[in-house]
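Okay, structure first, notes after.
We did not get these values from a lab; they are worked out from the coordinates using the rules stated. From a predicted model like this one, the values you see are computed outputs, not experimental measurements. Cβ placement follows ideal geometry from the backbone for every residue including glycine, while neighbour counts extend to all protein chains displayed.
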Amino acid sequence: MTGTPDTLATTPSAPRGTVLQVCPLLPSLETALATHHRTVRLTDRSDAAGYLAEHGDEVAAAVTSARIGVPNDLMDALPRLGAIVHFGVGYETTDVRRARARGIEVSNTPDVLTDCVADLAVGGLIDVMRRLAAADRYVRRGDWIPNGFPLTTKVSGKRVGILGLGRIGRAIAQRLAGFGVELSYHSRTAVEDVPYRYAESPRALAADADVLVIAASGGAGTHHLVSADVLAALGPEGYLVNVARGSVIDEAALVSALVERRIAGAALDVFANEPRVPAPLLELDTVLLLPHIASATHETREAMGELAFRNLHRFMTEGTLITPVPPATEESPR
């Protein structure tokens, strides 16, 4: 990992104590933590509860993944906890309001994964509409010998609705503009400095789109935002792409719509109960199934690890964070 500090010089406001690594992390991040700070890996403890009971009050900061977060029972076991550092843009697995009420600072790793997530969203959109993965399987099965592959759907010039116009939503829109698509979006509030049409609701967005791309935040505020009604509005010729969180979509309604062909197809990088994928989707050639890999490139993961470490190190040496979650934010941004 580049950019790691060579000194542990601290300011008077720096907290004293142990760094708790909550879960397995990127190897280079783990190495940096162990090299520069007194770090305890919770998963290495055969009796984690016993360790926390005896040493929980020694922990000044916790480093975790976006998927795991810091559950409330763990937070309660750390009375002197001052910061929760997330490896990942998401933090809905941590109760941020609860943390703030205790004076605990929370950080994530925004921006550094925007490009890769946006790239994958566009790739998934092209794949599901042109059925690239399905065509690959068609050739491998030997089906091309007796028959030609069925016609697919053109991407260029289509109407694309983006649900969530944060960093990643904007990056997706910028990429898709090169395909000559007609872009619209829905977010909690209208964005002033973009040329795309604002839709008043997710249903209105879906009703006027050939493709619905989900780039919204996770958490309680967006739970099942894409409902059966929204899927019905998208219709039998509409496609869905999700690179956000599985919780944003009513997954049972989505499975039903895909199986019954009430929407044309979907590209899914996230699911409600990962790593478990609904069994009916495994049988559908109209669905692209990905194992939550939107940010999974060497370059992006190293950048995420470096930013997570810099947040942790800044807190342990100066008492502040580089990319704190904004005070007004309640849900994980995309």
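Descriptive notes on the structure:
- Ranking of Phe149, Phe309 by count of other Cβ atoms within 10 Å, fewest first: Phe149, Phe309
- Charged neighbours of Pro27, selected by a Cβ distance under 14 Å, balance to -1 (K, R count +1; D, E count -1).
- With a simple spin-label model that places each label point 7 Å from the Cα along the Cα-to-Cβ direction, the separation between Ile145 and Glu58 comes to 6.7 nm.
- On a per residue basis, the convex hull of the C-alpha atoms belonging to region 114-289 measures out at 114 Å³.
- Over all pairs of different C-alpha atoms, region 196-304 has a mean inverse distance whose reciprocal, the Kirkwood radius, equals 14.3 Å.
- Identified option (computed Cα extents along the principal axes in Å; candidates (1) 65, 56, 36; (2) 93, 44, 32; (3) 69, 48, 34): (3)
- Within the chain, percent of DSSP bridges classed antiparallel, to nearest 5: 5
- Using a Förster distance of 30 Å, the FRET efficiency for Leu284-Ala177 (Cβ separation, nearest 0.05): 0.50
- Cα radius of gyration and Dmax for region 9-123 (Å): 15.0, 49
- Share, in percent, of DSSP beta bridges within region 114-289 that are antiparallel, nearest 5: 5
- In order through region 231-245: 3J(HN,Hα) via Karplus (6.51 cos²θ - 1.76 cosθ + 1.60), integer Hz, x for Gly, Pro: 5, 4, 5, 5, x, x, 10, x, 10, 10, 10, 10, 10, 9, 9
- Compactness check for region 197-257: Cα Rg over 2.2 N^0.38 Å is 1.01.
- Footprinting exposure proxy for Arg310, Arg175 (fewest neighbouring C-beta atoms within 10 Å first): Arg175, Arg310
- Residues within the reach of a label modelled at Cys23 (point 7 angstrom out along Cα to beta-carbon, backbone nitrogen below 14 Å), restricted to region 95-131, are 95.
- Sorted by Cβ neighbour density within 10 Å, fewest at the top, the residues Thr39, Thr64, Thr152: Thr152, Thr39, Thr64
- The sum of -39500 (n - 2.57) across all DSSP H runs of n ≥ 4, divided by the residue count of the chain, sets its helix-only mean residue ellipticity at 222 nm to -9500 deg cm²/dmol.
- Amide H contacts of Val213: Gly161, Ile162, Leu163, Val241, each under 5 Å away and 5 or more positions distant or on a separate chain (H built 1.01 Å from N in the peptide plane; Pro and chain starts excluded).
- Loop-located GluC sites (Glu not before Pro) across region 145-226 with a Cβ neighbour count of 11 or fewer within 10 Å are Glu192, Glu200, with loop assigned by DSSP.
- Spin-label pair Ser156/Asp208, simplified geometry with 7 Å Cα→Cβ offset, distance in nm: 2.5
- Length gained when the stretch His224-Arg102 is fully extended (0.36 nm per residue, less Cα-Cα span): 41.0 nm
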